[in-house]
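Okay, structure first, notes after.
Readers should treat all values here as calculations from the given coordinates under stated rules, not as data from a laboratory. Quick caveat, the model's predicted, so the values are computed rather than measured. Using ideal geometry, Cβ is built from the backbone for each residue, glycine included, and neighbour counts are taken over all protein chains shown.
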There are 2 protein chains.
Amino acid sequence: MTAAPTNPHHVVIVGAGFGGLQAAFDLAGAPVRITVIDRRNHHLFQPLLYQVATASLATSEIAWPVRYLLRGRPEVTTLFATVTGVDAQAKRVLLEDGDTLSYDTLVLATGARHAYFGHDEWEPFAPGLKTLEDATTLRRRILVAFERAERESDPKRRAALLTFVIIGAGPTGVELAGTIAELAQHTLPPDFRNVDTRKARVVLIEAGPRVLAGFADDLSAYAQKSLESIDVEVVLGKPVTECSADGVVFDGTRLEAKTIIWAAGVRASPAAEWLGAPADRAERLQVEPDLTVPGHPDIFAIGDTVTIAAWNGQPVPGIAPAAKQQGRYVAQTIRTRLAGGKTGPFHYKHAGSLAQIGKRLAVIDFGRIKLRGAIAWWIWGIAHIYFLIGIRNRLSVALSWLWIYVRDQRTARLITQGSSKVAR
Amino acid sequence: MTAAPTNPHHVVIVGAGFGGLQAAFDLAGAPVRITVIDRRNHHLFQPLLYQVATASLATSEIAWPVRYLLRGRPEVTTLFATVTGVDAQAKRVLLEDGDTLSYDTLVLATGARHAYFGHDEWEPFAPGLKTLEDATTLRRRILVAFERAERESDPKRRAALLTFVIIGAGPTGVELAGTIAELAQHTLPPDFRNVDTRKARVVLIEAGPRVLAGFADDLSAYAQKSLESIDVEVVLGKPVTECSADGVVFDGTRLEAKTIIWAAGVRASPAAEWLGAPADRAERLQVEPDLTVPGHPDIFAIGDTVTIAAWNGQPVPGIAPAAKQQGRYVAQTIRTRLAGGKTGPFHYKHAGSLAQIGKRLAVIDFGRIKLRGAIAWWIWGIAHIYFLIGIRNRLSVALSWLWIYVRDQRTARLITQGSSKVAR
């Protein structure tokens, strides 16, 4: 690496998700040099990942090369590398290929993966949705199920191929269920000859008592009613007790289904393990009020990899705006510290919760103001296009959505990673 | 499969490339029922596949679900299945899963794969470009090479990482070489800190005496000069004698290169083998003047899987317009036969040859009229957008190209199918 003539304070940011990237953006002009490390070469707009999984958007519409996003910042170096640990004593990050990287301040923004609560053996049957590859894998499974149904003559096997189970009714589960229902009801029917894709069953199973538990009660009720209006079967209060290649078991009932999607839980990245720091059941680091790791004032941790009760005493939710606020707070705290000052504790400000259910169906919980239906759907769409990075992707996503809106056509209906041979 | 009330003549088309799809389109209204079989679920616009490999376009911009393209044709059934053979005696197509399908008329439009002329062991080191997966694999290799160079401190290894060898200087080789040079010269430089991507070497190696051998001599010379003007090194008359993980050997010289791309040759699909029919060195079926397989008047074969001297006595070139003309001819012949008539032999009409070299650099050989430079480049672009299917993809590709033209930005710069761990 070329050494700068002076040797400014080195901030190492691990993870280029919403939190890490925001910290890098907000450190612009600070007397620091920055290294951003990610094991992917791209930043991913996770809130729309389910739309890649359901063939509505292309992968490149919701992902940007990290180094492209930071190209205008000569003091920022982007590393495409996997971090395997932290030597907090020596203030070094350990990389998988044996390299190490010294830091003055470390920001851990390493995110989370889906988790199976002690049932990791379910993963092959019920894949989750966190990466672009997860999304193209799900897309392949969903589309291949319809293809196989088209060729299946046994009614029982055909029914299993046309049954889609989504486990977990948070925003991702609700959005997946709604979009698969739309796909089956509106996009696919004219393309198939032997099956009526409108007969596909989409079953959303939730262990808790309601869908969208993070929203107000009446919005949950509205969301459930809306899902049912587009033929999603909603099953509440029933934990899934078995997943296999043939289906799921809940409440003692076996449901034959060839496609199962896991949207029920996440586990934090191993950041807590790297540091031997206290963590909760989901392995999220328990951080100090200033988002530093206990005993390590030079290590910040933000986003889905941490848990902190900084929302009027409640835990901060694992959503993009929360990670961004934490990234912004960390950047500000680093600046203030370098100037010899001190910052107060982090406070989360909740702007609102949004979830799309289907075409012209969405819910928005702004706290005092609650919106539903078409108005919420339009605001949901405009907000998501606004939060995409760059005019190029905004135009592209707007064009894709326009086509879905007007023609019910989803152009990313590609079965990749294998021919019919591999896929079946 | 639901049986139609009557039992019309059944045309089975294997392969939904340019030829097979055109045959299906042109049989509209004929007294037939049609089954289109493909082992991929999508039709691929292969002439622009190199743009996916070089991060200029997204996969969904050049691929369409086959059954979507045929959705308005109730007499057409699309099967997502792999054909493993033909029983010409029983007039049946054999599918991989053991199913069989009876035909009255069979159209084999199964295309070609890249071929290594007896050096199949080179494939892992020098992948070719025929499918969407090939393209995303190449894209990953090219982008990962730059990423690894950014982290490599050994000058010799870094040089090997920044050396891109393309073997074969037909249109695909020329277009790949030109676009990789553009990527290195114009798109990537601001994003990297430790390497100057402009120092990347792009080496185009051709065994024959000139680039674009299918074009007129002066256009070949112009293409070579244009490639050299954008810093592509052109090596002519030197067959590659070795490919390995470290580079290539040609003319007794070893060139260290971590990225090698094969654009040197194709081999037809096993259609000739299925039928025990006569084939040329590249395994292309030798068909009758009416495109039927010798001894099998009910089996047509078209496109890259056949060879026929129907271009004023010269072999028909393996390009999209040729496959389409053959598809159209076959559809017409089937109609005429069903009406009790006879058609004359197939004649290929060559509209012209086009190749893009770089920004504002292209060559077009219309026979009498030859174009080069910016005018050829604009015609090339407009022609390709025109030949895409549907206004949606035309808009999308136009938007992608506008961004490349104005900002040199390629938005599909995604390394997928593996994290930094897998990719390195």
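Miscellaneous remarks
- Cβ neighbours within 10 Å from other chains - mean over B:59-71: 6
- Along its first, second and third principal axes, ordered by size, chain A spans 71, 47, 42 Å in Cα coordinates.
- Sites listed here are trypsin sites (Lys or Arg not before Pro) in region A:363-403 whose DSSP assignment is loop and whose Cβ has at most 11 other Cβ atoms within 10 Å: A:ARG368.
- B from A by rotation - nearest chain A beta carbon to the axis, in Å: A:ALA58, 2
- In this rough spin-label picture, where each label sits 7 Å from Cα along the Cβ direction, the A:ALA221-B:ASP196 distance is 6.9 nm.
- Estimated FRET transfer efficiency (B:ALA351, B:ALA213; beta-carbon r; R0 25 Å; 0.05): 0.85
- Distance in nm between pseudo-label sites at A:GLU121 and A:ASP97 (7 Å out along the Cβ direction from Cα): 3.9
- Note on B:PHE366 and B:LEU236: the extension gain reaches 44.3 nm, defined as 0.36 nm multiplied by sequence separation minus the Cα-Cα distance.
- Fully extended contour minus Cα-Cα distance, from B:ARG394 to B:LYS156, at 0.36 nm per residue: 81.3 nm
- Sum of side-chain charges, B:VAL316 neighbourhood, beta-carbon under 12 Å (Lys, Arg +1; Asp, Glu -1): +2
- Helix-only mean residue ellipticity at 222 nm for the protein assembly as shown, each DSSP H run of n ≥ 4 adding -39500 (n - 2.57), per residue, nearest 500: -9000 deg cm²/dmol
- Loop-resident trypsin sites (Lys or Arg not before Pro) (DSSP state other than H, G, I, E or B) in region A:239-298 with no more than 14 further Cβ atoms inside 10 Å of their Cβ: A:ARG281.
- Phi to ³J(HN,Hα) by Karplus 6.51 cos²θ - 1.76 cosθ + 1.60 over region A:201-213, Hz, x for Gly, Pro: 9, 10, 10, 9, 10, 10, 6, x, x, 8, 7, 6, 4
- Bridge type composition, chain B - antiparallel percent by DSSP, nearest 5: 50
- Residue-count net charge about A:ALA374 - beta-carbon cut-off 14 Å; Lys, Arg +1, Asp, Glu -1: +3
- Of B:ASP87, B:ASP290, B:ASP408, the residue with the greatest mean-square motion in the GNM of chain B, using alpha carbon springs below 10 Å, is B:ASP87.
- Region A:14-125 shape via C-alpha gyration tensor axes, a/c threshold 1.5: oblate
- Label-point separation, A:ILE375 to B:ARG337 (7 Å along Cα→Cβ), nm: 6.5
- Rounded if a/c under 1.5, otherwise prolate or oblate - the protein assembly as shown, Cα gyration tensor axes: oblate
- Highest-fluctuation residue, A:THR110, A:THR253, A:THR84 considered, GNM on chain A with Cα pairs under 10 Å: A:THR253
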